[in-house]
Ligand SMILES: [Fe+2]
Ligand SMILES: [Fe+2]
Ligand SMILES: [Fe+2]
C-alpha cells in the first residue's frame, strides 16, 4: 500500500495545492484534524491505566493543540479568515468534518488498539506532510511551519511505534490491528464521500419535493403577524405532556 | 423510594441534562463540558450519564425523561414556513428536511436508544414552557410574571406566563418569524461575529459607540401600542435563507458590514467607530424593546416579581436596566437562560406542573456539575511530573496572597458551574485594580477582543461601597447576570473591571453559598484592602469552561497563567 498511497498523496497534493483557495482549505482541514487529535489524546491522559504513558499522552496533546493553532495561523495569513477562525473556534466544524464523534478514540478502542491507531495515523500524517514538502508546494512560511510540526510528528510516530513493538513482542496481534486501522481509514474516507454524495442526491430529491409538494400550496401559506398573540396550547395534563406535538 | 426525573435539552443549541430526585436538583451539566465542543448540541449522553452516577442510580430507576421541546410542532412550523416563503426557501427547505428526516422526526426512538429510557416514560415540554419553568420554579417567588425571549422554539419567540405556586399558565406570545433574539443575531452577523457566540461581543462593543441609528433600528424592530413588537420581514431573511439572516437591505440601511476578525480601533478608524455605533444602536433598541415587554408583562400579570429566561435573558446590560428602570420589585433570571437551561425547566415542569408536586427551595448556587476528586488529582499531578503543593483547606488564603502579589491565578474548586458564567468554581482570577493586569490576563490566556470587559466578584457586604446595584437585582447580581454602574469614586480603583461606560457585570459573592470563594476574596482583601477580584471564565478561546483536572492542566500548560489551584493543590508553571 505504501507506493500506491504515496502516488495518491502526490496527485492529491499537487491538485489541491494548485487550485486557488484550496491550500487554505487543506490547511484548515489539518487544523481541525489536529484539534480532534488533541481531544483524543486528552481523553487518553484521563483514561489510561498505564500511568507511565500519561506524560507522553499529555505532551502529545499539547503538541497537537499547538499544531492546530499553527495551521490556523497559516490559513489566516493566506487570507481565509472565516474558515481559519472556524477551524479553531467553531466546534461544529469538528463534528461536520467527522473529526469527532460521540466517543473518543480511546474510549472506542482501548489502550492497545488506540496506540496502534496513533502509530498508523501519525505515520500517515508524516507521509502527507513530507509529500507536500518534497513537491515544494507550500509557500516558504507554510513550509517552515510544516518542518516545525514534522519534528513533533516524528516523535509521535516513534513513541507509538515503541509501544506497538513492545506489544507485538509480547505476542499481541499488532500487525493485524495496524492493517485493520489502515483499511478502516480508507473505509472512513469512502463513507464520508458516499455520505456527501448521498446528501447531494437527497438534496436533489428534496428539491424536487419542494417544487412538487410545497409549491402548489403557496397560496395557502401565511406567515404569522407580529405582536402578542393568544397562545394555543395542550395544557399540562399528563396525556398532553406525553405527546410530541 | 425517591422519584427521578431526567430533563434533556439538545439537537439545536447547548445540550444539557438535569436530574431531579424528588424534585431536588441532584446534578445539572452541559454536554460541552464532557465532549469539549463548545455549545455541543448532540444529545447529552455523557451529561446524563454523569447525572445518574451522581445520584448513584441506574437509568432503569428514572421515572420520566423530559425533552425540552415538542418536536412535531417545530416540524409543523418549518413546513408551513417553507410553504409561505416559496420559492425563496428553496435552499433552506432541503437542508431542514435532511436533518428532520435523518433523525429529528424519530426523536422518541432516538431518545430511547441514546438514554435507555423506554418510550412510554417520556414527556415533551414546549420549548418556551421549558424556559419559563427554568426561571419560575428555580426562583423563590410564589407569584410572578414570567417572560421568555429567545431566537425561536416551536412557534413562540417571546412568551408571557403567569406563575402561581406549582402552576404556570400561558398568557400571550409573539410568534416566528418575529423575534428579538434573531434580530440581535442578525446584527451580530452584520458586525462580523459568529451567531450564537458573538452576541456578548456586540454587547461589549456597544459601550464604545453612540446609538446614532435609533431611527433605522426602530424600522427593523417595531414596538407596537399593545406592548408587543414585530420585525421587518423584508430586510431580514432568517425565515427563508439557510445561512444569511438578513438581505442586502440591511447594509443599505446600516452601512457596510464588518469583516470578521478586523481589528477594533474606534479612535483611529472611522469605520470601526461606525460599527460601534451600529452595535450601540442595536443594543439600545433591544433594551428599549425588553423594557417595553416588561412593562406590558407587569400590566398583564400584576405581580411584584419578574422571572426571565431564553437566550436574550443573558444580555446582562438589558437585565441591569430592567432591574433599575422596570416596574418589578424583584428580578429573577435562570443562570443557564439559553437552551441548556431548558433541560432544567423541562424536568421541573414535569415534577411540579404535570405531576402536581409542591415547590421546593429556590436555586441558590450554580455549583451543580462535576467535582474534582482529590485522590485522582494527586495521582495525575504525580504522573505528569508537575510541581505542586497540597494546601488542603488552606488554599483560599494562599491564593488570595498570590493574587495580592500580582499573580494571575486559575482557580478550580468544587463542582463546576451550571450556565455560561464562571462563578468561582472554574475561574481565572486577578487583581482588579490595574488595567495592566487585565491586559496580562488577555495576553496570557483569553486572547479576547479589547471591547469585551472583564467582570468583578465582590464580597456581599462590601458591594454597596463599589457598585450601584438596585434592590431588584439582588439575585441576578449573585449569578453575574446583570450589569450595573461602578460608583464614580470606585472606578479608578477598579480599572481592570470597569467597562468604558463605567459599568461592570458584577458577581456578588455570599459567604453561605460560596464559603471558599468568599474566604479567597477575604484573603485578598486582608492583603490589599480591596474585597474585589477580576473573575473570568477558565477556558481557552473557542473552548468550553474547563471541567476535569486534565482539562485544567492542559489549559494551564497552553497559557501563560502563573499558578493553578486544583481543589486544594497549588500547581506551579510547568516549563
Ligand atoms: Fe500534529
Ligand atoms: Fe501528531
Ligand atoms: Fe430557546
Which residue out of B:289, B:282 is buried (at least 24 other Cβ atoms within 10 Å of the Cβ), within 27 Å of residue B:505 (Cβ to Cβ) and within 14 Å of another protein chain (Cβ to nearest Cβ)? B:289
Can you name every residue in the range A:212-245 that is in a helix (DSSP H, G or I) and within 7 Å of chain B (Cβ to nearest Cβ)? A:214, A:215, A:217, A:218, A:220, A:238, A:241, A:242
Please verify whether the range A:132-142 includes one or more residues that are surrounded by 21 or more Cβ atoms within 10 Å (Cβ to Cβ), touching a residue at least 12 places away in the same chain (Cβ under 8 Å), within 16 Å of ligand 2 (Cβ to nearest atom) and away from chain B (no Cβ under 14 Å). yes
How many residues does the range A:143-169 contain that are under 30 Å from residue A:18 (Cα atoms) and away from ligand 2 (no atom under 11 Å from the Cβ)? 6
For helices (runs of 4 or more DSSP H) lying entirely in the range B:110-229, having 2 or more residues that are more than 16 Å from ligand 2 (Cβ to nearest atom), within 12 Å of another protein chain (Cβ to nearest Cβ) and within 25 Å of residue B:80 (Cβ to Cβ) picks out B:127-136, B:180-190
Which of the residues that make up the range B:230-273 are touching a strand residue (DSSP E or B) at 6+ places or on another chain (Cβ under 7 Å) and part of a loop (DSSP other than H, G, I, E, B)? B:235, B:237, B:245
Has the range B:548-559 got any residue that is in a loop (DSSP other than H, G, I, E, B) and either more than 30 Å from residue B:333 (Cα to Cα) or away from chain A (no Cβ under 14 Å) (or both)? yes
With the condition kept exactly as written, say whether any residue in the range A:83-105 is more than 13 Å from chain B (Cβ to nearest Cβ) and buried (at least 19 other Cβ atoms within 10 Å of the Cβ). yes
Which condition does residue B:511 not pass, out of (1) within 14 Å of another protein chain (Cβ to nearest Cβ); (2) surrounded by fewer than 21 Cβ atoms within 10 Å (Cβ to Cβ); (3) touching a helix residue (DSSP H, G or I) at 6+ places or on another chain (Cβ under 6 Å), if it passes all the others? (1)
The number of residues in the range B:218-271 that are in contact (Cβ under 8 Å) with a residue 24 or more places away in the chain, in contact with a helix residue (DSSP H, G or I) (Cβ under 7 Å, 6 or more places away or on another chain) and closer than 29 Å to residue B:450 by Cβ is 13
Has the range A:69-86 got any residue that is at pLDDT below 90 and either within 16 Å of ligand 3 (Cβ to nearest atom) or under 26 Å from residue B:46 (Cβ atoms) (or both)? yes
Of the numbered conditions (1) more than 10 Å from every other protein chain (Cβ to nearest Cβ); (2) surrounded by 21 or more Cβ atoms within 10 Å (Cβ to Cβ), residue B:63 satisfies every one except a single condition; which is it? (2)
Looking at (1) assigned to a helix (DSSP H, G or I); (2) more than 14 Å from chain A (Cβ to nearest Cβ), which is the only condition residue B:50 fails? (2)
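The values are calculated or read from the model by the stated rules, or taken from the named source; none is laboratory data. A quick note: this is a predicted structure, and the numbers were derived from the prediction, not measured. Note: ideal-geometry Cβ built from the backbone for every residue, glycine included; neighbour counts use all protein chains shown.
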